[in-house]
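**Student:** Below: one structure in structure tokens.
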Amino acid sequence: MRKRLLGILLFAAFGVPQSLPTQSFPEDTALDRAQIEFLASALLGAPFSGARKAPEFPSELASETVTAHATAHATDLVAKGQKAFHDRSLSVQNNTSCADCHLARAAFSSPRVVDGRGVPSLYGAGVWRFLNADGSADSLVSQALGPLTHPLEMGVDCNETDTSPEQRGEGVSKNERGQTNLVTDRDRASHGHVAGIQTHCTEFLQAVAAYVNTLTLPPPAPLDVFAQAARRGTLPTLEPVLSHSALRGLKAFTTTAQCARCHFGPYLSNGEFHNVGVPATPEERPEKAAGRAQGLERLAQNPFRCETCEEWKHLPRGRTVAVGAFKTPTLRELSRTPPYMHNGIYQSIEAAVEHYAMAPEAIVGTSEAPRGPRGERLFSTQTQHDIHSFLLTLSSVGGTDRR
Amino acid sequence: MMHLKTRLCVLGMTAVATAVTVEVVVNVLSLITAAPRSVVLADKRQKATETRPPNLDLARERPMEGAESLTATVAFPRGEPRLQRPFDVIFCLKPDSPESLKTLANIDMKVTMPEHAHGMMVVPERQKPRGACVVYKGLRLHMAGWWRLDFRSEGAKVSFHVDVPAS
């Protein structure tokens, strides 16, 4: 009897697992106000507080009262850009175009990792204040210069050699301090020449940027159907589009897991920079782990950056807050855009979610990822599974899923 | 022969000692095998976070701690801070006195999100004090939630809270 009692006590102390998988569906599927607001913000086309303020082209050009010539120019520029986006002959070895990495079937991302960096989806690229994982570009034009000239990508030499703008009779708009007034993408598009860059490169960048700017909205996903119904109050009559696991995952996404602090808005990204302790890959060069800190220095060297923008005055150059911080990626079409994180270190969504459950310390800088009490898991494995189910609802139906 | 209670007590103490030993060994092994690659090493340790007070005091006028004769105020000329929107802060001390001017001349502002132990992703511009006020331009709160503006000058300090809504 004593031995049996002892056995029961030992089992009670050490034999009960930390979490038990639920076998029942939640009875209460009501969403609270915060979750309704989250869903409303996540709708495709919803206004986004982190969007860039400078007008984008060609949509901006098309929406203003401008001459027919300007509108035709914008339309023509997009067509040229789409052609250039797929043109391999522009690359130094005639074997690489933008489309070779930004695959339409993969939401314009790629399973490749280039020079230690994953290839981000281009959906909504035109809305961001800064582009690239390290924020080393402040416009579509300035961003495209990198892939065009990188030796591992298109490898084009865009540097000017002999002729000066004055010799070619072309002008570059500069302010009193000699800074280029490339405030908006429209400015960048209207300039025939930028000092130090060959004209044909500038023309390529302008055209490609015009095309990429049209890639605004990915196809609607199951979450969009659910979010619309939530906004209209017609959820009770809606045919199930989210599994109960996905619904639990939505709740966890906006509460215990705290994902929605950074992943909100129509692209499920705030477009900001955070250090969340992502480990380095073996291929990743050490200096690239510095993230935003390195990106700001690269941006300073970009001839297409906006020198006169108000934002430039307040960028955290040389500040530790930028060390190890990378841009929050979009979660749209997530199942089609592996690998995950800025360096593609995680091949699956489950691994990426596990990262946040464990919240490892940063390799550089300080991670701001929330941790569970006493350094334990922030959420259970069941919740991890539910969040995974929810994240799958962010991808449109059809096409090739690569999870 | 040992009594049952004594046996349970010994067993419990042994279990606790074993658990502690295992945890220490696991932590040491994880530190060794993690092999962190320091490049630009600022502070690898997780910074201490704070728990949001149950009733966040959003008062815009407070006495300075360490200089009780002075009262600090903050104002937001472009409106209360909103998520991801640039804003400015006007920090003033009253009464307008030699003490307030001296305190203001050395005032330093730090803006953090205490629950996450991180600051802003911008560097505000501090303008020269005008009278008993100093203006900070170009602040930007990039996450929703509780932010704290800490002002310090030598031995005096004061904090103001901002609660940024999600949208």
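**Student:** In terms of solvent-accessible area of protein heavy atoms at a 1.4 angstrom probe, what is the ranking of A:Arg105, B:Arg60, A:Arg319, highest value first?
**Tutor:** Solvent-accessible surface, decreasing: A:Arg105, A:Arg319, B:Arg60.
**Student:** Then there's this: I need the calculated FRET efficiency for the pair B:Asp163 and A:Thr234, taking r as the beta carbon distance and R₀ as 30 Å, to the nearest 0.05.
**Tutor:** The formula returns an efficiency of 0.40 here.
**Student:** Another one. Could you let me know the centre-to-centre spacing of the stretch A:279-320 and the stretch A:197-259, using Cα atoms, in angstrom?
**Tutor:** Using only Cα atoms to place each centre, the spacing works out to 27 Å.
**Student:** Could you tell me the total accessible area buried at the A-B interface, probe 1.4 Å, in square angstrom to the nearest hundred?
**Tutor:** By this definition, chains A and B bury close to 3400 Å².
**Student:** May I ask you to derive the FRET efficiency for A:Val397 and A:Glu283 from their Cβ-Cβ distance with R0 = 35 Å, giving the value to the nearest 0.05?
**Tutor:** Once the sixth-power term is evaluated, E becomes 0.55.
**Student:** Moving on. Step through the table entries A:Lys80/A:Lys288; B:Lys128/B:Lys157; B:Lys94/B:Lys157, compare each Cα-Cα distance with 22 Å, and write down the pairs that go over it.
**Tutor:** Violating the 22 Å limit, Cα to Cα: A:Lys80/A:Lys288.
**Student:** With a 1.4 Å probe on protein heavy atoms only, tell me which residues of the stretch A:357-375 lose at least 40 Å² of accessible surface in the complex relative to the chain by itself.
**Tutor:** A:Glu361, A:Ile363, A:Val364, A:Gly365, A:Thr366, A:Glu368
**Student:** Residue by residue through the stretch A:296-305, what is 3J(HN,Hα) from phi via Karplus (6.51 cos²θ - 1.76 cosθ + 1.60, θ = phi - 60°)? Round to whole Hz and write x for glycine and proline.
**Tutor:** With coefficients 6.51, -1.76 and 1.60, one gets 5, 6, 5, 4, 4, 8, 7, x, 9, 6 Hz.
**Student:** Mark the label point 7 Å from the Cα of A:Thr255 along Cα→Cβ and return the residues of the stretch A:347-381 whose backbone N is within less than 14 Å of it.
**Tutor:** A:379-380
**Student:** If R0 is 51 Å, what FRET efficiency do you get for B:Arg130 and A:His86 from their C-beta distance, rounded to 0.05?
**Tutor:** Approximately 0.35, to the nearest 0.05.
**Student:** Karplus couplings for the stretch B:103-108 from phi (6.51 cos²θ - 1.76 cosθ + 1.60, θ = phi - 60°), rounded to Hz, Gly and Pro as x?
**Tutor:** 5, 5, 4, 10, 5, 10
**Student:** Name the long-range amide H neighbours of B:Leu70: under 5 Å, sequence gap of 5 or more, or other chain; modelled H, no Pro or chain starts.
**Tutor:** Those lying under 5 Å, H to H, from B:Leu70 are B:Met64.
**Student:** Here is a follow-up. Can you tell me how the stretch A:297-357 classifies by the Cα gyration tensor, rounded, prolate or oblate, using a/c under 1.5 as the rounded cut?
**Tutor:** Because a/c hits 1.5 or more and a/b exceeds b/c, the stretch A:297-357 counts as prolate.
**Student:** Next question, about the same structure. With a ≥ b ≥ c the root eigenvalues of the C-alpha gyration tensor of the stretch A:261-391, is it rounded (a/c under 1.5), prolate (a/b larger than b/c) or oblate?
**Tutor:** prolate
**Student:** Here's another thing I want to ask about it. Using the basic label-point model (7 angstrom from Cα toward the beta carbon), what is the A:Asp157 to A:Val114 distance in nanometres?
**Tutor:** If labels sit at A:Asp157 and A:Val114, their model points lie 2.1 nm apart.
**Student:** Within the stretch B:118-151, which residues have the backbone N less than 13 Å from the label spot 7 Å out from B:Leu101 along Cα→beta-carbon, could you tell me?
**Tutor:** Label zone hits: B:129-133.
**Student:** Given the whole protein assembly as supplied and a 1.4 Å probe, what does the accessible area of A:Glu333 come to in Å², nearest 10?
**Tutor:** 10
The values are calculated or read from the model by the stated rules, or taken from the named source; none is laboratory data. This structure is a prediction, so every number in the text was calculated from the model and none was measured. Note: ideal-geometry Cβ built from the backbone for every residue, glycine included; neighbour counts use all protein chains shown. Quick note on the areas: whole protein, heavy atoms, side chains included, nothing else; ligands and nucleic acids left out. Shrake-Rupley method; radii C 1.70, N 1.55, O 1.52, S 1.80 Å.
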